[in-house]
1. Residues ARG135, ARG190: which one is out of contact with any Gly (no Cβ under 8 Å at 6 or more places or on another chain), of a type in the set (Lys, Arg), more than 29 Å from ARG223 (Cα to Cα) and surrounded by 15 or more Cβ atoms within 10 Å (Cβ to Cβ)?
2. Looking at (1) modelled with pLDDT of 95 or more; (2) surrounded by fewer than 17 Cβ atoms within 10 Å (Cβ to Cβ), can you tell me which one CYS310 breaks?
3. Can you name the condition, by its number, that ALA239 falls short on among (1) under 28 Å from GLU34 (Cα atoms); (2) part of a helix (DSSP H, G or I); (3) hydrophobic (A, V, I, L, M, F, W, C); (4) at pLDDT 95 or above?
4. Checking the condition in a loop (DSSP other than H, G, I, E, B) and in contact with a helix residue (DSSP H, G or I) (Cβ under 8 Å, 6 or more places away or on another chain), which residue from VAL87, VAL36, VAL51 passes?
5. So TYR151 fits all but one of (1) touching a helix residue (DSSP H, G or I) at 6+ places or on another chain (Cβ under 8 Å); (2) crowded, with 19+ Cβ neighbours inside 10 Å; (3) not in a helix (DSSP H, G or I); what number is the exception?
6. Only residues that are part of a helix (DSSP H, G or I) and either surrounded by 15 or more Cβ atoms within 10 Å (Cβ to Cβ) or touching a His at 6+ places or on another chain (Cβ under 9 Å) (or both): list them for region 260-291, please.
7. Go through TYR148, TYR173 for me and flag whichever is among the aromatic types (Phe, Trp, Tyr) and farther than 23 Å from LEU17 by Cα.
8. Could you pull out the residue among ASP227, ASP163, ASP215 that is touching a residue at least 24 places away in the same chain (Cβ under 8 Å) and not assigned by TED's automatic domain parsing to the domain that holds LEU307?
Amino acid sequence: MIFRQLFDPASSTYTYLLAGGPGGEALLIDPVLERVDLYLRLLRELELRLVKAVDTHIHADHRTGLGALRDLTRCVTVMGERSGADVVSMRVRDGDAIEVEGVRLGVLYTPGHSECSYSFVMADRVFTGDTLLIRGSGRTDLQGGDPYAAYASLFGTLLQLPDETLVFPAHDYKGETSSTIGEERAHNPRLQARDAEAFAEQMRALKLADPALMDVAVPFNRRLAADQGAGAAWALAPAEALALLGRADVLFVDLREASERTRAGEIPGSLHAAYGDLDALLSSHGLLRHAACAAARDTAPGAPRLLFYCAFGERSALAVAAARERGLGAVAHLVGGIEAWQRAGGPLAPA
């Protein structure tokens, strides 16, 4: 496995690059906007393809690199389902997994620092965001923070991991890079509280100043939505897409991952073609190119042959751009994805 811990000195933020091996798929955890060029250089040097970019929560001390990485690489942006960001490609919940080739992160909901704080666990390590820091823990007085929730996340979730589990936080302000659950259990002063009330009193007594970039970072990090082309011919509202359902000359293409489809269902008659496989599917011998060409004989003028959709419309908008770059013009996508389709009363079938 490839693992890199990268540091942004301006915000004391750690970003993590993970990949199964050279030449494969990669993901980034907690990228910083000002360091995007560094990430892209490292990806090129290691011949990696960025597939997913993940934030542990909405950060208040730096601007996230999620949107820039999505726009530059067409990667999937990922946050927890409690995130207040306007749109990310994929939202995960406690017990889910985030996967790329050779890497699997289990999702743990660990609120307290903020309402939308998540940690991501592998067999030997855990990425704790701001929930658990080295010899500390994230403040609980901003963005829906709650010291009692933080206590439950720390003692009820993270400290239940094996003592040898490596701890990689989103920040460190003292020059330390990692720890273990056992070390933190023994030496972290925040974890010596006798009960939740004592922990809450300790957190309330901190009286910390607001992060310097908070007024800039939080609004920026909540506005992650990509341009879905609303109003363009290739961007269909749910009602417009519904009018095409059942037509033999229009193929609905579901770009979501299997776990998302199982949870929410699919539009009846859809072809499942996971977004991560899009390049191969659109290649000269790919399934989607073949399907588009097969439908071309019968498609009415101006109608799409392929209608992409995903969870929230972000991946499908990127898929339209990729298809058009490869010469497939008769493509469109569902603005707002399955979420908008459901709100509009569109039918769903079990995946």
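1. Going through ARG135, ARG190 in turn, the sole match is ARG135.
2. Result: CYS310 fails condition (2) only.
3. ALA239 satisfies all of (1) under 28 Å from GLU34 (Cα atoms); (2) part of a helix (DSSP H, G or I); (3) hydrophobic (A, V, I, L, M, F, W, C); (4) at pLDDT 95 or above except (1).
4. Exactly one residue qualifies, and that residue is VAL87.
5. Of everything listed in (1) touching a helix residue (DSSP H, G or I) at 6+ places or on another chain (Cβ under 8 Å); (2) crowded, with 19+ Cβ neighbours inside 10 Å; (3) not in a helix (DSSP H, G or I), TYR151 misses just condition (3).
6. Pass one, region 260-291, residues part of a helix (DSSP H, G or I): 260-264, 275-281, 287-291.
Within region 260-291, GLU260, ARG261, ALA264, TYR275, GLY276, LEU278, LEU281, LEU287, LEU288, ARG289, ALA291 meet the criteria.
7. Details: TYR173 fails: farther than 23 Å from LEU17 by Cα.
None of the others qualify; the one that does is TYR148.
8. ASP227
The values are calculated or read from the model by the stated rules, or taken from the named source; none is laboratory data. The structure presented is a predicted model; accordingly, all values stated were derived computationally and were not measured. Here Cβ is always computed from backbone atoms with ideal geometry, including for glycine, and neighbour counts include all displayed protein chains.
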